[in-house]
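Q: After the structure tokens below, expect a handful of questions from me.
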Amino acid sequence: MRILICLVGITWIAISCNTENDLDYNNNSIEKEQTTPGENSNTSYLVGRIYREILDRHSEHDTEPSNIEEVNKEVQALMQRYKLNEAGSTYTSYKEVTKSNSTLDSILANAPLSPPAKQSFTDFIYTLVDSTFQNHGAWEAFILSYENEVTQQLEWPEADRDTILTATSLIRETGNILRGGREDEDWDIAIGNIVMILIGVFESTQAAIVNALMYTLN
């Protein structure tokens, strides 16, 4: 009987340790999270969360992913954990994406969005790229304001709203990371990063997250 009790106890401890390790993977940002207007969409909220958690994990352990496949697996694992699943989701290899001749103009011109959503998103991206913002706060406020506007466009297809909010969430998150704590230096986002995010977001949510992570980590 004592042996049986000991075995049960050991098994329980092992399960508890595994559970704690799993939770440690994604609890870093849970307590720190604040819901922003653009995160009214469950999809965009989880997208930003997954992006931050993977960055936090590598930062905490001072590690870098060895290759794109590793990042892809990490994103897949968290998407499954948060039930952010996509039917038939595929990911184009990073090499093929970076070799793409796509430009911001061509990506927006061919964006698979309904006409009003497409025009609105195109105007937003060009304004974001062409405007000179006084500081990071003004830049972020502009994005948050647009995200609020998108959530109120109930006449747009839900898929359009989710796609746009996924893109703006990643643009905002990567901008916050690239800012690196500086008030006025390097907080804005490069055109290349926006292109990478848009190439991904019009393919799949998974591809958008992976592309954003690869740009940030490399």
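Q: For a quick check of your reading of the model, give me the residue pairs whose first member lies in region 120-137 and is closer than 26 Å to ASN110 by Cα, whose second is surrounded by 13 or more Cβ atoms within 10 Å (Cβ to Cβ), with beta-carbon atoms closer than 6 Å and at least 6 apart or on different chains.
A: PHE121/ILE164; THR122/LEU108; PHE124/TYR146
Q: On to the next question. Scan region 145-174 residue by residue and report those that are more than 15 Å from ILE199 (Cα to Cα), at pLDDT below 95 and among the aliphatic types (A, V, I, L, M).
A: ALA159
Quick grid of which residues meet (1) over 20 Å from the mean Cα position of the chain (by Cα); (2) at pLDDT 90 or above; (3) crowded, with 21+ Cβ neighbours inside 10 Å:
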position	(1), (2), (3)
GLN119	yes, yes, no
ARG179	no, no, no
GLY200	no, no, yes
GLU203	no, no, no
ALA212	no, no, yes
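Q: Assuming THR174 fulfils every condition listed in (1) assigned to a helix (DSSP H, G or I); (2) free of Cβ contacts under 8 Å to residues at least 40 places away in the same chain apart from one, which condition is it?
A: Just one mismatch for THR174, condition (2).
Q: Sort out which residues of region 64-80 are without any contact (Cβ under 8 Å) to a residue 60 or more places away in the chain, assigned to a helix (DSSP H, G or I) and over 15 Å from the mean Cα position of the chain (by Cα), and write them in order of number.
A: GLU69, GLU70 - these are the residues of region 64-80 that are without any contact (Cβ under 8 Å) to a residue 60 or more places away in the chain, assigned to a helix (DSSP H, G or I) and over 15 Å from the mean Cα position of the chain (by Cα).
Q: Taking only region 193-218 into account, find how many residues are touching a residue at least 12 places away in the same chain (Cβ under 8 Å) and outside any helix (DSSP H, G or I).
A: Count: 3.
Rundown of residues vs (1) surrounded by 15 or more Cβ atoms within 10 Å (Cβ to Cβ); (2) modelled with pLDDT of 90 or more; (3) in contact with a Leu (Cβ under 8 Å, 6 or more places away or on another chain), yes/no style:
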position: SER89; (1), (2), (3): no, no, no
position: ASN101; (1), (2), (3): no, no, no
position: PRO112; (1), (2), (3): no, yes, no
position: PRO116; (1), (2), (3): no, yes, no
position: PHE124; (1), (2), (3): yes, yes, no
position: VAL129; (1), (2), (3): no, no, yes
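The values are calculated or read from the model by the stated rules, or taken from the named source; none is laboratory data. The model shown is predicted, which means the values in this text are computed figures rather than measured ones. All Cβ positions, even for glycine, are placed from backbone atoms using ideal geometry, and neighbour counts span all protein chains on display.
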